[in-house]
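What follows draws every value from the coordinates through simple rules; no lab data is involved. These numbers come from a predicted model, not from an experiment. All Cβ positions, glycine included, derive from the backbone under ideal geometry; neighbour counts span all protein chains shown.
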Amino acid sequence: MADIIQLLPDHVANQIAAGEVVQRPASVVKELLENAIDAQATTIKLLIKDAGKTLVQVIDDGVGMSVTDARLSFERHATSKIRSAEDLFQLHTKGFRGEALASIAAIAHVELKSKQEADDVGTEIVIEGSEVKSQEVVVTPKGTSIAVKNLFFNIPARRNFLKSNPVELRHVIDEFHRVALAHPNIAFVMYHNGSEVFNLPESNYRQRIVNIFGNKTNEKLVPVTEETEVLKVSGFVGKPEFAKKTRGEQFFFVNNRFIKSAYLNHAINSAFEGLLKDGTHASYFLNLEVDPQSIDINIHPTKTEIKFDDEQTLYAILRASVKHSLGQFSIAPVLDFER
Ligand code: ADP
Ligand code: MG
């Protein structure tokens, strides 16, 4: 009987994996920004062209990569962030799957420049559709720059599936907001087609929210703080009278990672019960800190859904703390700008 099973070549495996990791330019933005954060950057620049369809570039001033690591970073399952399966429950980095760069390089033209502090010169790699075209010595500042050009150049069906530039730009900006909100202590700039879209200096959480959503936001924020054994909550909810018709200002971060949770969203809605006009949605910017052992982030490649050990307790604490803040605010509407 003939054997018919074959191992897929790496570039094919990478392209398949890319289907899960990279849906649109915004997915590339997310992965590159997260890598810059993991590299301890203090200033991160995002440059995009044509809503990211022709260029997504992220320039950071982080730790950079050695010549060998720069090459290895494009291999699948190549990561400096975990060493064993146990590490999955002790995560202190955004990344850990080691597949973003391999996936991106499988479906785009990528140019990477990187230099570590101690080195005089850096390294530059050009990769097109998983194929390394060159690796050369280059003069470049400390840190890493990755330019991702012509996304889906080799998968016309995916390229055609992309939405109009305004829609894709919206997704990119949403992603940028999520990352920038999770890291107010890092400065971010974003340019689209050569024009500055955001310039966010290093600041505190409240100021970061205001810098993104405008000065008017400041007066509507009500601080939320709670600390229990299993959950620490910090951040803000919007006063009920400022509730919006859209859900654009609803953010949960768990251990500094943006997540979506219909269940926790329900906890907030229930805390706002009776305070919102019909058809409006509360704004919230809430950071939840939990023991990394009590969550599983590895349920989807984009990591925006996570599993909590004890969701019901978190729900109850969250609801109570938001209710408490809203109640306090109606008795004593004092806002301190310093928080
Ligand atoms: P992951 O982030 O899950 O480890 P990636 O494919 O995103 O996987 O990146 C692979 C590796 O490349 C990272 O583990 C890291 O060592 C290195 N790397 C990627 N981007 C940067 C960067 N901006 N600065 C320094 N190192 C980076
Ligand atoms: Mg990564």
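Tilt of helix 25-38 relative to the longest C-alpha principal axis of the chain, in degrees (0 to 90, nearest 10)? The angle comes out at about 90 degrees. Other residues lying with their Cβ under 14 Å from the Cβ of Ala271 contribute a combined charge of +1, Lys and Arg counting +1, Asp and Glu -1.
When DSSP beta bridges are restricted to pairs lying wholly in the chain, around 85% turn out antiparallel. Taking the Cβ of Ile259 as the center, what net charge do the other residues with Cβ under 9 Å away carry, scoring Lys and Arg +1 and Asp and Glu -1? Residues close to Ile259 contribute a combined charge of +2. Cross-link partners for Lys133 among the aspartates and glutamates, with Cα-Cα distance under 14 Å and sequence neighbours closer than 8 places in the same chain left out: Glu111, Glu124.
Only aspartates and glutamates eight or more places from Lys216 in sequence, or on another chain, were considered; those with a Cα closer than 14 Å are Glu241, Glu249. Sorting the segments 302-312, 33-43, 208-218 by their mean number of nearby beta carbons within 10 angstrom, highest to lowest, gives 33-43, 208-218, 302-312.
Remark: the range 14-20, residue by residue, has Karplus-estimated 3J(HN,Hα) of 5, 5, 5, 4, 4, x, 8 Hz, where x stands for each Gly or Pro and the curve is 6.51 cos²θ - 1.76 cosθ + 1.60 at θ = phi - 60°. Legend: calculated FRET efficiency, Leu72 to Glu117, from the Cβ-Cβ distance at R0 = 25 Å, rounded to 0.05, equals 0.80.
When the pairs Lys45/Lys307; Lys94/Lys260; Lys115/Lys260; Lys115/Lys303; Lys113/Lys307 are compared against a 25 Å limit on Cα-Cα distance, Lys45/Lys307; Lys115/Lys260; Lys115/Lys303; Lys113/Lys307 fall above it. P(r) tail for the range 238-339: Cα pairs beyond 20 Å make up 42% of the total. For the range 213-257, applying the loop criterion from DSSP together with a ceiling of 14 other beta carbons within 10 Å to the GluC sites (Glu not before Pro) yields Glu229.
Once the Cα atoms are used to define both axes, helix 311-331 deviates from the longest principal axis of the chain by about 50 degrees.
Name the residues of the range 282-315 whose amide N is less than 13 Å from a point 7 angstrom out from the Cα of Lys232 along the C-beta direction? Of the residues in the range 282-315, 287-292 have backbone N under 13 Å from the label point off Lys232.
Site pair Ala262 and Leu7 shows an inter-label distance of 4.1 nm when each label is modelled 7 Å from Cα along Cα→Cβ.
Springs join every pair of Cα atoms under 10 Å in this Gaussian network model of the chain, and among Tyr191, Tyr263, Tyr284 the largest mean-square fluctuation is at Tyr263. Taking other C-beta atoms within 10 Å as the exposure proxy, Glu168, Glu131, Glu31 rank Glu131, Glu168, Glu31 from fewest upward. Extension gain for Lys133 to Thr43 (0.36 nm times residue separation, less C-alpha to C-alpha distance): 29.5 nm. For the range 46-103 and the range 231-261, what is the separation of their Cα centres, given in Å? Using only Cα atoms to place each centre, the spacing works out to 27 Å. With 0.36 nm allotted per residue and the present C-alpha distance subtracted, the Glu219-Asp50 stretch has 57.3 nm of extension available.
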